[in-house]
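The values are calculated or read from the model by the stated rules, or taken from the named source; none is laboratory data. Computed from a predicted model, the values in this text were never measured in an experiment. Note: ideal-geometry Cβ built from the backbone for every residue, glycine included; neighbour counts use all protein chains shown.
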Amino acid sequence: MEELTNALERILKWMQKHDPQIATIWQAELSLSEIEEKVRLLPFRLPQEVYELYQWRNGFIQRAQGWSQGWGGHDSYNLDFLIKNYFDSINYSEECVAFANNSSSESLRNPQWFSLFGHDKQDYFIIGEQKKQVSPVFCFDYGDWDDFRPKLKYSSLTSMMPTIAECYETGAYYHYKVEGREITSFGMNYPAAESIRKKYNPDCEYDAPVEELL
C-alpha cells in the first residue's frame with residue numbers, strides 16, 4: 001500500500017509549502033501494536049489501509065480539530081476519538097429507535113460503519129469487516145434533507161488520498177486568508193475537483209445512493 005503513504009506525503013508537502021501552520025498540527029504516528037491495542041474493542045477488524053493511515057500520522061492534535069481546511073475540507077481525527085465516537089454513535093442511534101417506539105431491534109446506524117473524517121454536517125465512513133485490505137469511503141450528509149442517504153464517494157482510502165493530493169497540486173483545492181481569522185479557510189473549484197475524483201474513482205457516482213447500506 002505504498003501508494004497511500006506516498007499520497008499522504010504529497011498532501012503534507014503541499015501544506016508545508018502553502019499553509020505551514022496547518023502542517024504542524026499532526027500527531028505522531030502510532031505503531032502497529034498501539035493500533036491493535038486501541039481497536040481491539042471494535043466488533044470488526046478495520047481494513048489494512050486504515051492501519052497504514054494511522055502508522056503515518058494519528059490525526060490532528062485535539063485542540064486543533066476544526067482546522068479541517070488543511071485536509072481537503074475535512075477534520076482528521078485521532079484514533080481514540082474515532083473509537084469513542086463509534087460507540088457514542090451506536091448508543092445514540094439505539095436510543096433514537098427506543099424513543100420512537102420502534103419494534104425493530106436494528107439500529108438506525110449500521111454497526112459496521114466506522115467514521116474516519118468529517119466536517120460540519122458531513123461524515124465520511126468506511127465499512128468494517130473481517131480480513132479486508134480496503135474499503136470504499138462513503139459520505140453521509142446530515143444537512144441534505146432532500147436525500148438523507150449515504151453516498152459512495154471514493155473507491156478506497158488508497159484512491160481518496162491521491163485525489164486530495166492532486167486537487168491541491170492543481171489548484172482545485174486551495175486555502176485563503178479571511179480578515180480577522182487566525183487560520184485559513186478552505187476553497188474548492190468544484191468542477192475541477194469532481195473531474196479529479198472521477199479520474200481516481202471511476203466506479204463512484206457520488207449522486208447515486210448506495211441502497212445496500214440502508
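Checking K131, K151 one by one, the residue that is over 24 Å from I22 (Cα atoms) and in contact (Cβ under 8 Å) with a residue 60 or more places away in the chain is K131 and no other. Tallying residues that are modelled with pLDDT under 95 and of a type in the set (S, T, Y) within the stretch 21-53 yields 1.
The set of residues in the stretch 153-200 that are closer than 18 Å to D75 by Cα and aliphatic (A, V, I, L, M) comprises L157, M160, M161, I164, A165, I183, M188.
What is the residue count in the stretch 176-199 for residues that are in contact with a Phe, Trp or Tyr (Cβ under 8 Å, 6 or more places away or on another chain), at pLDDT 90 or above and surrounded by 18 or more Cβ atoms within 10 Å (Cβ to Cβ)? So the count comes out to 2. Taking (1) among the aromatic types (F, W, Y); (2) at pLDDT 85 or above; (3) more than 14 Å from L82 (Cα to Cα) in turn, W145 satisfies each apart from (2). Can you tell me which residue within the stretch 114-132, out of those that are at pLDDT 75 or above and either touching a Pro at 6+ places or on another chain (Cβ under 7 Å) or within 14 Å of P43 (Cβ to Cβ) (or both), is surrounded by the fewest Cβ atoms within 10 Å (Cβ to Cβ)? Selected residue: E129.
With respect to the conditions (1) part of a strand (DSSP E or B); (2) of a type outside the set (D, E, K, R); (3) under 20 Å from K84 (Cα atoms), L152 falls short on a single one, namely (3).
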